[in-house]
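Trainee: One structure, pasted below without further comment.
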Amino acid sequence: MIVTKSFPLKALAATTAGISPLVVCFPVSGPGHIATRCVYPLSLCGRDAANSTSTSTTSVELITSPPAATIGSAVDPAALAAEVTPTSLVHLSTAVWTGPKDVDATEGISADDLDYIAGLIGLTSSQMSKLNLETSDPALEESSNSTIPSSADIALASNVFHARRNGALERRADEIASQEKLKRIQSKKEFWLGLINATPYPWKLLGVAQEGIEYVYSAHRPRHLQPGESLTLLIKPKNDRSHAEYRYRLHGTSEKTWFSIKVHPGYPHLITAEYGGALETVGRSNDGKPGSIIDLGVERGVYCPTYILSGVEGRFYDNNAPPNWMNSMMQDIGNYTFRDIMLPRSHHTGMYLLHKTYGFGSRENTLTQDFSVYDQLKVGGVRVIDCRPLLGKDGKIYEGHGTKVLSIYHGSSGVSHDSMIEQINRFNDDYPGELIIIDVDGNEMRGEKNFKQLSGGDLAKLVESFKRLKHRANVTAGQDISTLPLNQVLNQGESTVIIRMEEYRIRELIGNGWPGTAEGFITPTELPLAKFFSEQVEMNYLQSAHMDQLIQNRRGGNKNRVFETDFIMIQQGLDLLRKDRSITKLSDDPWLALILNFWSYFHKDYYPNWLAMDAVRGTELKGIAMAVNQCFAAKRCGKLRGRVPAAEPFHFNSTAPGIAMNGTIDIDLQKHKVVGGQFVNAAAVDAAN
């Protein structure tokens, strides 16, 4: 949309940072599964404000009753035996997507101004509005009339929205500065937290204790989270002293099992998950044991810190899974193939720091990640590395992100190939037993001299550099490894590295420098792949497109090729020049949608095998992959209320009173009171009086 109202460029630069997002919402439901419940400020979805309930005072809400215990203090597991169900239980019937409506990059800009900016780069306004750095338009790569935009004009266009930075100076210091900023990126006004129940056990909200936390429409907060459901909750702290705790009990376990989600006082408000009762997970060293405390990544800049618990009693996994999470899951997924499981992938893995910028390339329009490759492997659980090589004039290879327009390359180079390989080798040394796939994009293998596709000696140099990767696999030529069980591809206890390159890009090297499958170099012949990338710039349409692609590419399950999807928002048009619309900032909405809607759409075989995200800062992507592998691939979590119909019916380990064997809740009501911020048995209070 182009608004023709005159809006001077000088004024535009001063006001773009203050554009307020609008909000839209719509229900999402997928075939064969129950919709996710979500908790939002319902005013954002046009609900009647008169029905709202808002609290901002110190309170403890009575949901169920550990007698004579205060939320936050030690609780005897036996004290949780007596539980109640509120008489006025409010459920949300459908999932609602609520997120910022994207502000059109040309909104508030006159047609004349748009023509002016596009003209500086040598484009028409129509071409400029569709331009992005994720894909290259062959028709625009070279100038047809030998007129190449001057560097001065490109610099002028870049400075319309923000001042240029000297990317050549932003090496390690740039990475450190970015991570320091993430520690305080949490909004002081409101922030999100999420839960995903990937277990066969219904979760019941035992109680809420809070001080200075505003719950808008808190009466709609679900008291139960059923198997397979997710929840997102918007928290509005009154001040830095505000804090809260939510305690959930798992029904149907043989021992009393619960956990607490705590919002801590201070700024930022750290968010942790704390184990209670007999809860134990497959964790690292002493973590994962009863009493463990899990940091959900607020100081890492995680937009929607989410606790994800998957599996069954005796074999639970959560965000605290060890760095070598695949190795820890081999007894669960070792007999399944690449076509059955999900692997986390980071988009433009090596673009977490700037080495050098070109054209109007900048930090905001080329950096997709915030943490190193090593960190993405260790914390984010990434197992597919998105590699886009750029051969510099200095003879070194870097990661690249950009596109060529009228003979001018716009973009930047990131981490060096030397550093990326060193980080992968170091990770495999530190955490053996993992599979890492380097997926080399055939469309973005360029050289800095003319930014054309690499060939000849330059291409051979790139291939040769990959030979420094340790633990490369020995693959049989011509065999589709995506049909093999993982335990045949990944040797138990030993790391495995595979380099996948497009055959059409390396054909000239076959028989003349191509190492081949015996050295871990494969092509689509050995690993066929279907990829989906959407140029939608509006969140509702974006997730709908991805859901449609799941149906098209996953119908038939593992009979199809491995399916990879980039669940990302792209910059387009003048967004490329705006400092307030960085790629990592645009990732906020996809991360929220992943927890709220995309996860809840997964059913049967309809989930991606490789899921790529921008801004992989925390453990959410790893947690979702493990949940998919446990529940949908290995089918070890029961039917998740119909979403995994092929799973065996799950039988609870206990027949404790109030637990029906079909997973429904039927608990006798008991009377309890809240006295002095504590849960107290009403009969005991009355007797004392």
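The values are calculated or read from the model by the stated rules, or taken from the named source; none is laboratory data. All values reported here derive from a predicted model rather than from experimental measurement. Positions of Cβ are generated from backbone atoms using ideal geometry, with glycine treated the same way; all protein chains shown enter the neighbour counts. Ligands, DNA and RNA are excluded from the accessible area calculation, which covers all protein heavy atoms including side chains. Shrake-Rupley method; radii C 1.70, N 1.55, O 1.52, S 1.80 Å.
Trainee: Please state which one of ASP588, ASP614 is at pLDDT 95 or above, closer than 25 Å to VAL382 by Cα and either touching a Leu at 6+ places or on another chain (Cβ under 7 Å) or buried (at least 24 other Cβ atoms within 10 Å of the Cβ) (or both).
Mentor: Numbers: ASP588 fails: either touching a Leu at 6+ places or on another chain (Cβ under 7 Å) or buried (at least 24 other Cβ atoms within 10 Å of the Cβ) (or both).
So the residue among ASP588, ASP614 that is at pLDDT 95 or above, closer than 25 Å to VAL382 by Cα and either touching a Leu at 6+ places or on another chain (Cβ under 7 Å) or buried (at least 24 other Cβ atoms within 10 Å of the Cβ) (or both) is ASP614.
Trainee: Residues that are in contact with a Leu (Cβ under 6 Å, 6 or more places away or on another chain) and among the basic types (Lys, Arg): does segment 522-535 have at least one? If you could, list the steps in order and put the result at the bottom.
Mentor: To start, the set of residues in segment 522-535 that are in contact with a Leu (Cβ under 6 Å, 6 or more places away or on another chain) comprises 534.
Subsequent filtering for residues that are among the basic types (Lys, Arg) retains none.
Scanning segment 522-535 turns up no residue that is in contact with a Leu (Cβ under 6 Å, 6 or more places away or on another chain) and among the basic types (Lys, Arg).
Trainee: Of all residues in segment 362-391, how many are touching a strand residue (DSSP E or B) at 6+ places or on another chain (Cβ under 6 Å), open to solvent by less than 10 Å² (accessible area, probe 1.4 Å) and either among the small types (Gly, Ala, Ser) or farther than 23 Å from LEU343 by Cβ (or both)?
Mentor: Selection size over segment 362-391: 3.
Trainee: Give me a count of the residues in segment 544-565 that are part of a loop (DSSP other than H, G, I, E, B) and closer than 24 Å to HIS348 by Cβ. Spell out how you get there, then give the answer.
Mentor: Restricting attention to segment 544-565, the residues satisfying the condition of being part of a loop (DSSP other than H, G, I, E, B) are 555-556, 560-561.
Then keep just the ones that are closer than 24 Å to HIS348 by Cβ; that gives 561.
Looking only at that region, the number is 1.
Trainee: Oh, and also: Does GLY359 qualify as being open to solvent by 10 Å² or more (accessible area, probe 1.4 Å) and touching a strand residue (DSSP E or B) at 6+ places or on another chain (Cβ under 7 Å)? Quick ask: steps written out before the conclusion?
Mentor: Values: open to solvent by 10 Å² or more (accessible area, probe 1.4 Å): yes; touching a strand residue (DSSP E or B) at 6+ places or on another chain (Cβ under 7 Å): yes.
In short, yes.
Trainee: Same structure, new question: Write out, first by first residue and then by second, each pair whose Cβ atoms fall under 8 Å of each other, whose residues are 6+ apart or on separate chains, and whose first residue, in segment 637-649, is closer than 16 Å to SER230 by Cα while the second is open to solvent by 10 Å² or more (accessible area, probe 1.4 Å) and β-branched (Val, Ile, Thr).
Mentor: Short answer, once both residue conditions are applied: CYS637/VAL312; ARG641/ILE34; GLY642/ILE34; ARG643/ILE34.
This table checks each residue for (1) in contact (Cβ under 8 Å) with a residue 12 or more places away in the chain; (2) in a strand (DSSP E or B); (3) in contact with an Asp or Glu (Cβ under 9 Å, 6 or more places away or on another chain).
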{"residue": "PHE316", "(1), (2), (3)": "yes, yes, yes"}
{"residue": "ASN327", "(1), (2), (3)": "yes, no, yes"}
{"residue": "TYR336", "(1), (2), (3)": "yes, no, no"}
{"residue": "GLY350", "(1), (2), (3)": "yes, no, yes"}
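Trainee: Additional query: Kindly check whether there is at least one residue in segment 564-576 that is among the acidic types (Asp, Glu), crowded, with 21+ Cβ neighbours inside 10 Å and at pLDDT below 90.
Mentor: Our first condition is that a residue be among the acidic types (Asp, Glu); within segment 564-576, this holds for 564, 566, 575.
Narrowing the set further to residues that are crowded, with 21+ Cβ neighbours inside 10 Å leaves 564, 566, 575.
Now narrow it down to the ones that are at pLDDT below 90: 575.
Looking through segment 564-576, at least one residue is among the acidic types (Asp, Glu), crowded, with 21+ Cβ neighbours inside 10 Å and at pLDDT below 90.
Trainee: State whether one or more residues within segment 611-618 are in a loop (DSSP other than H, G, I, E, B), more than 30 Å from THR403 (Cα to Cα) and touching a residue at least 40 places away in the same chain (Cβ under 8 Å).
Mentor: No, there is no match, as no residue in segment 611-618 is in a loop (DSSP other than H, G, I, E, B), more than 30 Å from THR403 (Cα to Cα) and touching a residue at least 40 places away in the same chain (Cβ under 8 Å).
Per-residue answers, yes or no, for (1) farther than 30 Å from LEU486 by Cα; (2) of a type in the set (Asp, Glu); (3) in contact with a helix residue (DSSP H, G or I) (Cβ under 9 Å, 6 or more places away or on another chain); (4) open to solvent by 10 Å² or more (accessible area, probe 1.4 Å):
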site	(1), (2), (3), (4)
TYR275	yes, no, no, yes
GLU299	yes, yes, yes, yes
CYS304	yes, no, yes, no
VAL312	no, no, yes, yes
ARG315	no, no, yes, yes
ASN327	no, no, no, yes
GLN331	no, no, no, yes
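Trainee: Collect the residues in segment 528-541 that are surrounded by 19 or more Cβ atoms within 10 Å (Cβ to Cβ) and hydrophobic (A, V, I, L, M, F, W, C), keeping them in residue-number order.
Mentor: Within segment 528-541, just MET539 meets the criteria.
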